[in-house]
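Structure, as structure tokens:
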Amino acid sequence: MNLGMPQKDASVSSLEEDLQNKHNAEKGFRNALMAGNAVILAILVIGLLGYTTSEAGRHQKELAIRKISGATTPDILKVFILELEYIAIPSVLAGLIGVWFTVNKWMQNFAVKVPMHWGLFVLCSLAVLLSVALVAAANYYRFANRNPVEALRYE
């Protein structure tokens, strides 16, 4: 080909390889988002464990009095998890708004857009709220099953 076109060197490339390389920037952004999500979930679990431990320690006497008054462990867990969900629900809603705008901006980079169904966002939100409840329940469960005499010993 170089003999037939002496003014320019010919280059041969694969169409499939060119198509794969075309979206490398988007794949990098996707991978960065996935890594960021993993870090955020790790921070969520660590922070949640610290928060629930602190709250259970502060309410240790309340837990003991509830236990002595006849409350079962599921009753105690329900009270504390509902209190935590009052904080988590507005946080998740604020995160949903940010995710919606981010996804819409990102989708503007593509010629063919995949419609983002609202059910996907609701499902992810419910998964986050459920994981918050499960981590909190696991941590509060330890405190709810302690002997109430230990918490009230110095009163």
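The table below lists the values:
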read-out	value
Residue within segment 18-37 that is at pLDDT 90 or above and either surrounded by 11 or more Cβ atoms within 10 Å (Cβ to Cβ) or charged (D, E, K, R) (or both) present	no
Residue that is nearest to Ala144 (Cα to Cα) [pool: residues in segment 61-72 that are buried (at least 16 other Cβ atoms within 10 Å of the Cβ) and of a type outside the set (A, V, I, L, M, F, W, C)]	Lys67
Residue, nearest to Glu26 (Cα to Cα), within segment 93-118, restricted to residues that are assigned to a helix (DSSP H, G or I) and among the aliphatic types (A, V, I, L, M)	Met107
Tally of residues being touching a helix residue (DSSP H, G or I) at 6+ places or on another chain (Cβ under 6 Å) and without any contact (Cβ under 8 Å) to a residue 60 or more places away in the chain across segment 57-95	5
Pair list, Cβ under 7 Å, 6 or more apart: segment 96-114 residue more than 16 Å from Gly36 (Cβ to Cβ) and without any contact (Cβ under 8 Å) to a residue 40 or more places away in the chain, other residue of a type outside the set (Phe, Trp, Tyr) and not in a loop (DSSP other than H, G, I, E, B)	Leu96/Ser125; Lys113/Met107
Output for segment 98-155, where each listed residue is farther than 30 Å from Val79 by Cα and of a type in the set (S, T, N, Q)	Thr102, Asn104, Gln108, Asn109
Helices (runs of 4 or more DSSP H) contained in segment 5-81 and holding at least 2 residues of a type in the set (A, V, I, L, M), under 31 Å from the mean Cα position of the chain (by Cα) and more than 16 Å from Val135 (Cα to Cα)	24-58
Every pair of residues 6+ apart whose Cβ atoms lie under 7 Å, when the first sits in segment 126-155 and is surrounded by fewer than 18 Cβ atoms within 10 Å (Cβ to Cβ) while the second is of a type in the set (Gly, Ala, Ser)	Leu129/Ala88; Pro148/Ala64; Leu152/Ala64
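The values are calculated or read from the model by the stated rules, or taken from the named source; none is laboratory data. It should be emphasised that the depicted structure is a prediction, and the values quoted were computed from it without experimental measurement. Ideal geometry is used to build each Cβ from the backbone, glycine not excepted, and the neighbour counts take in all protein chains shown.
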